[in-house]
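The block underneath contains the structure these notes are about, expressed in structure tokens.
Where a number appears in this text, it was derived from the coordinates with a stated rule and is not lab data. Everything quoted here is computed from the prediction, not taken from an experiment. A quick note on method: Cβ atoms are made from the backbone with ideal geometry, for glycine too, and the neighbour counts reach across all protein chains shown.
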Amino acid sequence: MPTMPPAASILSPRVELIPQQAEIEREETGWPVSRLDAFWVQGPNRVPIPAAQAVNLRLIAEGPGGDVLPLNLTIPQNEIVASQPAVIRALRRGELSITALYSGGSSVPVKVHFLADDPTHLDLWGRETYTGLSVVKPQYSVRLLNAKNQAVPAASLVKVKVFVQGDAETQMKEVTILPNEEEAPVELTLDRHGRYTIRASAPHLDDATKTISYQLDLWMIAVALGGGFVGSLIRRTFKGGRKAPLVRTLTVGGFVGVLVLLLAVFNKLTWLEKIAPSANIWQDLSAIPIVSFVGMFMVTLLGGLLAESIVEAIVRRTQ
């Protein structure tokens, strides 16, 4: 921290910093920027007077609340105020002390306070519907809101307990909202299809409650069936000799399509290499992402091409 020169006498010409607002209230989208003007004044009544020569200023800002830019200002000769104002920007709840250094002295520090409403209740932000086949881990945000339902920063550490109530069990996770932060992320685990109730609770704040649903991904199953059907039909078309009945071909293809889907979901696709060895093709297919319909269709299509050999290998192993 630099050593400040002594403040100039109130009887001699000196620099005085005047902020547009000494207290800046937080709005819905954050703190508005404010301006800071530097005047050349004299006397106890702080009367602005023209500067006899140009005065170069260096602003020193102290405090975690915000910052000020630019740091260098100039009061031109024969002018009473700096040619441009500085901009005060809030970063968090708190205060900022600003002093101007110049040749021959320093200004009296001015303090700017950044204010925010205290939170009154919690909020859970995230999707309400999820689809999948096994386990999904949705991401949510626990937010602090004021009485106007606006996000506000925490004045101190806020510990939040998040409860997830399903048909079978209740989970509980703890998250911490740090000082000057508005929210904290929390990852949930949904391992059964159905409806869940999420509740966030913290001391001295109203709870937040949200109902979500985890649904079976029927579209992904339909894509897997379609891939199996198409693959098995292609195999039937180009297979020589006597062809199996169409119903049997589609049944086998659909079964293998869904089987490949489930194995891919649980990262067990390479298991088929033990059942129906195919020059490590299943090892290669396991690298294809199945989160997209295109990727799933490609994997199940190739599974449908090999459907007959897969089903025959499984039947042999069960005999």
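Data overview
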{"quantity": "Estimated distance in nm for a label pair at Ile221 and Leu115, the labels positioned 7 Å out from Cα along Cα-to-Cβ", "calculated": "5.8"}
{"quantity": "Eligible aspartates and glutamates near Lys243 by straight Cα distance, threshold 18 Å, same-chain separation 8 or greater", "calculated": "Glu308, Glu312"}
{"quantity": "DSSP beta bridge pairing in region 1-156, given as percent antiparallel to the nearest 5", "calculated": "90"}
{"quantity": "Vicinal HN-Hα couplings computed from phi for region 242-248 (Karplus, 6.51 cos²θ - 1.76 cosθ + 1.60; Hz; Gly/Pro x)", "calculated": "6, 8, 6, x, 4, 4, 5"}
{"quantity": "Formal net charge of residues neighbouring Val136 (Cβ-Cβ distance under 10 Å; K, R +1; D, E -1)", "calculated": "-1"}
{"quantity": "For the chain, share of DSSP beta bridges that run antiparallel, in % to the nearest 5", "calculated": "90"}
{"quantity": "J(HN,Hα) series, region 19-30, from Karplus relation 6.51 cos²θ - 1.76 cosθ + 1.60, nearest Hz, glycine and proline x", "calculated": "x, 4, 9, 7, 10, 10, 7, 6, 9, 4, 9, x"}
{"quantity": "Estimated vicinal HN-Hα couplings, Hz - region 306-317 in sequence order (Karplus 6.51, -1.76, 1.60; Gly, Pro = x)", "calculated": "9, 4, 4, 5, 5, 5, 4, 5, 5, 4, 4, 5"}
{"quantity": "Neighbourhood net charge (13 Å Cβ-Cβ; Lys/Arg +1, Asp/Glu -1) for Phe229", "calculated": "+3"}
{"quantity": "Label-point separation in nm, Glu23 to Glu62, each point 7 Å along Cα→Cβ", "calculated": "2.4"}
{"quantity": "Top positive-direction residue, dipole computed over the chain with Cβ charges, set Trp282, Asn149, Leu101", "calculated": "Trp282"}
{"quantity": "Neighbourhood net charge (12 Å Cβ-Cβ; Lys/Arg +1, Asp/Glu -1) for Leu263", "calculated": "+1"}
{"quantity": "P(r) of the chain over all Cα-Cα pairs, binned every 20 Å from zero, in whole percent", "calculated": "24, 27, 24, 18, 7, 1"}
{"quantity": "Amide N of region 11-38 lying under 18 Å from the label point, which is placed 7 angstrom from the Cα of Ser83 along Cα→Cβ", "calculated": "36-38"}
{"quantity": "Other-chain or far-sequence residues with amide H under 5 Å of Glu181's (modelled H)", "calculated": "Ala154"}
